[in-house]
Amino acid sequence: MLLKRAIGSSKLAVMLKHVPNILTFARLGLSIIFLVMILYSPQVEHRTAFLDGAFVLFVVAGLTDVVDGIVARRFNATSKFGRMVDPLVDKVLVVGTFVCFAVIGEPKLFGWSAETLAGIHWLVVAVLAAREAYVTILRQVAEAKGINFAATRSGKLKMLLQSFAIGTVLIKMAHVPDQTWGYWFTSLTFVAMLVATIVSGFLATRRPSWRQYKQEGTHHDSSAPSS
């Protein structure tokens with residue numbers, strides 16, 4: 001009896017270790033559906049209900065990220081694969097969303113021209129994409145060297161503000177498309193998001209594990225014999 005229980009517990013533990021990765025791939029699927037919904041939203045007749053549905057889907061996708069993190073820590077199911085793939089899925093969702101916003105010309109702000117808004121929208125995309133590409137390269141190099149490059153507080157705050165900004169745009173599009181306070185609230189949210197994005201990118205190279213790696217690399221290079 002005890003042996004059967006032990007075997008059962010072992011099988012359950014093995015299954016639970018796969019849950020975070022399953023949730024990550026589920027979030028990828030939800031992200032793709034969400035992005036398609038944003039691109040299709042200008043053509044929908046009942047746009048408010050459609051965008052509210054997209055908002056709910058975005059929240060569900062975000063919750064899978066929270067749950068897979070909790071499960072990974074609770075059951076010691078963290079892995080190198082998870083540390084690399086999970087952030088990539090987040091980038092698909094976040095950067096992809098802002099690309100879709102730029103494509104459909106949202107958010108509208110202060111009655112500005114389409115050209116001005118397009119410049120702002122694509123500038124936001126460029127900043128986000130540059131930061132994510134930079135940190136992804138650092139993460140790949142670090143993980144290849146056996147350095148733990150898990151998310152930091154600044155990275156989590158950045159992700160929180162990016163998610164909040166996405167939710168803000170969706171709510172504005174659905175419920176307050178032409179309200180002045182909506183313009184201001186969205187603009188301030190974008191500014192806070194961009195600041196957090198840039199700062200977190202800078203702090204990525206300031207984490208102790210990365211600085212130790214760089215110092216060891218510098219020491220190794222200086223001690224190598226010259227040819």
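Things worth noting here:
- Of residues in region 17-60 being farther than 22 Å from L88 by Cα and of a type in the set (A, V, I, L, M), the one surrounded by the most Cβ atoms within 10 Å (Cβ to Cβ): L51
- Selection count where residues are surrounded by 14 or more Cβ atoms within 10 Å (Cβ to Cβ) and over 17 Å from the mean Cα position of the chain (by Cα), scope region 188-207: 1
- A single entry from G119, G111, G82 fulfils the requirement of being modelled with pLDDT of 95 or more, of a type outside the set (F, W, Y) and either assigned to a helix (DSSP H, G or I) or more than 13 Å from the chain's Cα centre (by Cα) (or both): G119.
The values are calculated or read from the model by the stated rules, or taken from the named source; none is laboratory data. This is a predicted model, so every value here is computed, not measured. For neighbour counting, all protein chains shown are included, and Cβ atoms are generated from backbone atoms with ideal geometry for every residue, glycine included.
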